[in-house]
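Worksheet: one structure, shown below.
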Amino acid sequence: MLIAGPTAPAQAVTYGTPTIALSASYLSGAVGATGDPVVNVTVGQSGADASALTVSASASSKASVAGTGDVTVTGAVRQLAVTARGRGYTNLTVKVAGLGGKSATKTLYYAASAAVQNPADARYLTGSADASAAVDVGGGYAVVADDESNVLRLYDRSRSGAPVKTWDFSSQLGVSKEVDIEGATRIGNTVYWTGSLGNNKDGEYKAPRNTVFTTTVSGSGPGTQLAYGRSYKKLRDDLVAWDQAGGNKYGFAAGTADGEAPKQIDGFNVEGLEFAPGSTTTAYLGFRAPLAPAVPGGKALLVPVTNFDQVLASGAKAVFGAGVELDLGGLAVRDIRKNAAGQYLILAGSWAADDNSDPYALYQWDGVAGHAPVKRADLPTTDPGGWEAIVEVPDLTAAGARVQLVTDSGSADLYGDGTEAKDLTHPEWKKARAAWFTLNP
């Protein structure tokens, strides 16, 4: 008969120091926001199953912006979300409690902007504050341009957060400075983009701004891809020559002269681009300045380029039709967009450079010169940033039609410290706002 000896004692498990990583070290939110961006938290510990580790977060500085109770960590793939309590900055300490009494921490730097009107209809596009033009690419996504760089960004229109993809065609365009992209439109798989064509804010001519170019779209939604097409860099020159030949009716030569700032009532600044009704050749250039005539209460100006397709396809000199003057209540064109049914929306705003407190409105139009546009909505002006881009035009005959607009928030003081959004150090804190508005009957 065999007699068992004493059982060997179980060997103690040795646990390593836990690790913790954040998908971003900086996070932005807004008071009252729906679906603010989140941060993924990845943890581990040698000798332990990661699912057994506990993650928590606490406020380590300004609790009036977000306190410990305003931070949640949920999910198998842990996601950290913050509910903003107030405007400003705060640091959050994210902690993983491992086995064996060991732990590790990371700091998350958080910034919250103020509440806006109708927060449930607002989404925040992070990574850039200077959104200037947008094009729907299907599947609930849009490509958004920036007038402070040449980067095009793909965003999920339904969510706040960083771009899914980015493209920078500066090298193909042969420029090192911003084109100052201000307008865009899509025909088939071709997207046409235009710079402002004007001087910079100091009245200096900068050649990259005299650029229009194309990109080709393939795929849709998160699978969208853009490829560079062609560019043309003499459209401003063509416009000035055309206006001079017509007796300087719109003052383009004076508006583009050295020392002339673009954003004044008699300045020169293009912000809208859309094709004429039923045409794939004639495109309207929408002017923020000048008004026509260039006096207070003047009319907004569109100039048709009747061979716009060939201007980009072969570098043909631009040919123009008669200017189209529209009564937008003394406001200028900030964007113009049509849908497949030929219904146009015009985003109207001030020609002025510092115009966040000035009126904005949406006008419906049929695209025909001589036909008057009809106001469909007044837009709020108390929120930071100026309304700058129409993403897509809905069926304007439908009851309760809603349209999504995007702000240029580059000059806004988002977080209450006097810093303009464009000058913020961290891209995650830079953001433009996309918001849905219901059009009046």
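Please name whichever of 415, 353, 311 sits farthest to the positive end of the charge dipole of segment 304-441, dipole taken about the Cα centre and charges placed at Cβ: Lys and Arg +1, Asp and Glu -1. So the residue we want is 311. Dividing the helix sum by the residues of the chain, where each DSSP H run of 4 or more adds -39500 (n - 2.57), gives a mean residue ellipticity at 222 nm of -1500 deg cm²/dmol. Just check the chain against the gyration tensor rule for me: Cα atoms, a ≥ b ≥ c as the square roots of the eigenvalues, rounded for a/c under 1.5, and otherwise prolate or oblate depending on whether a/b exceeds b/c. It comes out prolate by the Cα gyration axes.
Return the carbon/sulfur percentage of the accessible area of segment 285-441, one whole number, probe 1.4 Å, all protein chains in place.
On the way: 3010 of 5740 Å².
So the carbon and sulfur contribution to the accessible surface is 52 percent.
The alpha carbon gyration tensor of segment 87-127 gives principal lengths a ≥ b ≥ c with a/c of 1.5 or higher and a/b greater than b/c, which makes the shape prolate. Provide the net charge surrounding residue 40, with neighbours chosen by a C-beta distance below 13 Å and charges set as Lys +1, Arg +1, Asp -1, Glu -1. Residues near residue 40 contribute +2 overall. Based on the alpha-carbon gyration tensor of segment 255-393 and its eigenvalue square roots a ≥ b ≥ c, which shape applies: rounded if a/c is under 1.5, prolate if not and a/b is larger than b/c, or oblate? Oblate, because a/c is 1.5 or more while a/b does not exceed b/c. Taking 7 Å steps out from each Cα toward its Cβ at residue 281 and residue 121 produces label points 4.0 nm apart. If R0 equals 41 Å, the separation of the Cβ atoms of residue 13 and residue 340 corresponds to a calculated FRET efficiency of about 0.05.
Only one residue of 280, 257, 292 has its Cα farthest out toward the positive end of the dipole of segment 220-308, where Lys and Arg carry +1 and Asp and Glu -1 on Cβ, and that residue is 280.
Using a Förster distance of 35 angstrom, determine the FRET efficiency expected from the C-beta separation of residue 419 and residue 306, and round it to 0.05. Intermediate results must be reported in sequence, preceding the final value.
Numbers: r = 45 Å, r/R0 = 1.29.
Computed FRET efficiency for residue 419 and residue 306 comes out at 0.20.
Taking 7 Å steps out from each Cα toward its Cβ at residue 234 and residue 381 produces label points 4.1 nm apart. Remark: for residue pairs 177/338; 177/263; 177/233; 338/375; 165/422; 62/106, the C-alpha separation exceeds 25 Å in 177/338.
Using a Förster distance of 30 Å, how high is the FRET efficiency between residue 72 and residue 227, based on the Cβ-Cβ distance and rounded to 0.05?
Working: r = 41 Å, r/R0 = 1.38.
With a Förster radius of 30 Å, E is 0.15.
Per residue, the accessible area of segment 247-391 comes to 35 Å², computed with a 1.4 Å probe over protein heavy atoms only. Scalar couplings 3J(HN,Hα) for segment 422-429, obtained by applying the Karplus form with A = 6.51, B = -1.76, C = 1.60 to θ = phi - 60°, are 5, 9, 5, 6, 9, x, 5, 8 Hz; x denotes Gly and Pro. Compute the long axis of helix 235-245 from its Cα atoms, compare it with the longest principal axis of the Cα atoms of the chain, and write down the angle in degrees, 0 to 90, nearest 10. Roughly 20 degrees between the two axes.
The values are calculated or read from the model by the stated rules, or taken from the named source; none is laboratory data. All values reported here derive from a predicted model rather than from experimental measurement. Note: ideal-geometry Cβ built from the backbone for every residue, glycine included; neighbour counts use all protein chains shown. Protein only, heavy atoms only, side chains kept; ligands, DNA and RNA dropped before computing areas. Shrake-Rupley method; radii C 1.70, N 1.55, O 1.52, S 1.80 Å.
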